[in-house]
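Worksheet: the structure to be examined is printed underneath.
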Amino acid sequence: MPRIPLLAGTRLLIANAPDDAVVLRPPPPEPGIADVGAAVRDALRFPLEGEPLEALVGRRDRATIVVEPPALPIPGSQADPRQLAVGAVVDELERLGIPTGYQTILVACGLARRTTQRELEGFVTRELARRFHGTVVVHDAEDPALVRVDDTSRPPLRVHRAIAETDLVVTVTAAETVLHGGPAALLAAAGADAQRAAVAYSLLETTASQGWHLALTLERALARRMPVMGVSLVLNHPRTSGALRGYPYDTEALERIAGSPLRHVISALPDVARREILHSLQTELTAAAAFAGPPSVAHAEALLRAVESRRAELDEPLDAIVIGIPGTTPFLPREAPNPLLAAYLGLGLALRLWRDAFPVVDGGTAILAHRFTRTFPHPTQQPYRPFFHVARIGRDPEMLVEAERAAAANQRAIDGYRSGMTVHPLLPFRDWNACQPALGRLGAVLVALAADATAVRQLGFVPAHGLQPALDLARGRTSGDARIGFLLSPPYFPLRVRRS
């Protein structure tokens, strides 16, 4: 019976898996490109489609560089290749005649908490931070000065003035999903109503993604006003050092971690101490390639390359899947996740990273390994509290619509978002909506290690006191031998499933 280490919150859970269990782990990171800046400059000179940056600049005087907070992948790294990519774009614009004083860096945070000045310094290299003389602005989805650029879409598209009133727009992002990077960065600089509508059935397929089509509409609307170019990086999987070195890629690392006596010592520590230990681990993040062109074109090519290099194969859908939920949020700053965010990490992120087919059979079971305690770090996660004020809100569509309407009209919550204190009050509803594609296919969601059964039931899930009872429940829901998969993460990674 193999022993499989899973990261559940800040705890290291050792699962005694059946002999026929399917262990899903990503391939190890590829060698990174030696000079990210040079790769970006080459991409700008030889784009996949359209004219090079030099031709787009021409005699234009101003440029806006759109970036996203490096929320994905999980875990991240302080030395992020996107920092070097931004520096390369700034240098190229300056070389082509647009000084840094006439450049604007727009941070498109979406509905997440608006980035603080201190956090902005981590988006670029220290060298660039010292010499950049332009403007750095953080998008506000509730800004009344947003400029309407398209009336035909529903909802109408309004964007930050730094995008609508410039001469040239360049996005600098990483290809993580159809909703993260590329034209989605432009959408993350739009109004809250458009961002709330940015949904996707799979995060790796554009066909059923309203968010992708909205972002594409916005990109085309902006392209009618000024040149728009995108740089998309293909990131390798992060590599962690220290006690978790080699996890989850190497079989030897799994055996070493599962058999290490130190895990008993770490498990006995309080949650705060375990969290500090995890945060102290160094993470290396490298880039495998860089592409440029229209944001949608560059992003699509980079995303295909990322899926091919980071995916795991699944011959057929599973009867049940076990997913470890890390003790962090999917946005910055990194904090302990509340139960809704824990559900989003498992159902809205991990179980939407698929291509060709959903990884679990219809009516199957998902087991989320997390304690699901109702902790809401103040003030960032305060808008998530309403989900747990009323019983069954997650399972009652009418109650959910009423609660969302009240949140959208809550001026105090909106003021908290605009001041950079907390997330937008609509973000919890979008996060819950992101879980619906998986919930629509699954027959049950079990929460192993559940410490707050009430919170689990309010979301419509089933609490279990441990992983083994959850596995027994999953087997009981299957006729015959259950095919159970264990998703080794983080990082979460693409699953390519053969259609049955």
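Close amide-amide hydrogen proximity is noted between MET229 and VAL169, VAL170, THR171, each under 5 Å apart and 5 or more residues distant or on a separate chain (H modeled in the peptide plane; Pro and chain starts excluded). Averaged over its residues, the stretch 341-500 has an accessible area of 40 Å² per residue, based on protein heavy atoms and a 1.4 Å probe. Once the Cα-Cα distance is subtracted from the 0.36 nm per residue extended length, the VAL147 to ARG498 segment shows a gain of 121.9 nm.
For the chain, DSSP calls about 30 percent of its internal beta bridges antiparallel.
Between the Cα long axis of helix 467-476 and the first principal axis of the chain there is an angle of about 80°, rounded to the nearest 10. Specify the angular offset, from 0 to 90 degrees and rounded to the nearest 10, of the alpha carbon long axis of helix 81-95 from the longest principal axis of the alpha carbons in the chain. Once rounded, the angle reads 10 degrees.
Hey, what's the Kirkwood Rh for the stretch 326-402 if you take every pair of different alpha carbons, in angstrom?
14.2
What whole number of Å gives the distance from the Cα centroid of the stretch 1-72 to the Cα centroid of the stretch 320-379? If we compute the Cα centre of each part, the gap is 20 Å. The stretch 435-450 and the stretch 208-287 have Cα centres lying 23 Å from one another.
Divide the volume of the convex hull around the Cα atoms of the stretch 1-61 by the residue count and you get 202 Å³ per residue. Based on DSSP H segments of at least four residues, each scored -39500 (n - 2.57), the chain has a per-residue ellipticity at 222 nm of -9500 deg cm²/dmol.
Once you charge only the Cβ atoms, +1 for Lys and Arg and -1 for Asp and Glu, what is the size of the charge dipole of the stretch 223-362 about its Cα centre, to the nearest 20 debye?
Dipole of the stretch 223-362, to the nearest 20 debye: 660 debye.
Compared with the dominant Cα axis of the chain, that is its longest principal axis, helix 271-280 is turned about 50°. How big is the gap, in Å, between the Cα center of the stretch 134-153 and the Cα center of the stretch 113-129? So the separation of the two Cα centres works out to 21 Å. The charge dipole of the chain, taken about the Cα centre with unit charges on the Cβ atoms of Lys, Arg (+1) and Asp, Glu (-1), comes to about 800 debye, rounded to the nearest 20.
Computed on the stretch 1-93, with alpha-carbon pairs under 8 angstrom and 6+ residues apart, the relative contact order is 24 percent. Evaluated at q = 0.10, 0.12, 0.16, 0.17 Å⁻¹, the base-10 log of the normalised Debye intensity for the stretch 344-500, with identical point scatterers placed on the Cα atoms, takes the values -0.41, -0.59, -0.99, -1.09.
Across the stretch 43-196, Cα pairs under 8 Å and at least six residues apart give a relative contact order of 30 percent. Spread over its residues, the convex hull of the C-alpha atoms of the stretch 190-290 is 190 Å³ per residue.
Coordinate range of the alpha-carbon atoms in the stretch 249-338 per principal axis, descending: 51, 36, 27 Å. For the stretch 401-500, the share of accessible area belonging to carbon and sulfur comes to 48 percent (1.4 Å probe, ligands and nucleic acids excluded).
Which whole-number percent is the relative contact order of the stretch 322-479 (Cα, under 8 Å, 6+ apart)? Don't skip to the end; give the middle numbers.
Values: 245 pairs, mean separation 48.0, N = 158.
Over the stretch 322-479, the number comes to 30 percent.
Per residue, the Cα convex hull of the stretch 67-153 amounts to 140 Å³.
The values are calculated or read from the model by the stated rules, or taken from the named source; none is laboratory data. If you're wondering where the values come from, they're calculated on a predicted model, not measured in any experiment. Methodologically, a virtual Cβ is constructed for each residue, glycine included, from the backbone with ideal geometry; neighbour enumeration extends over all protein chains shown. Just so you know, the surface numbers come from the protein's heavy atoms only, side chains and all, with ligands and any DNA or RNA stripped out. Shrake-Rupley method; radii C 1.70, N 1.55, O 1.52, S 1.80 Å.
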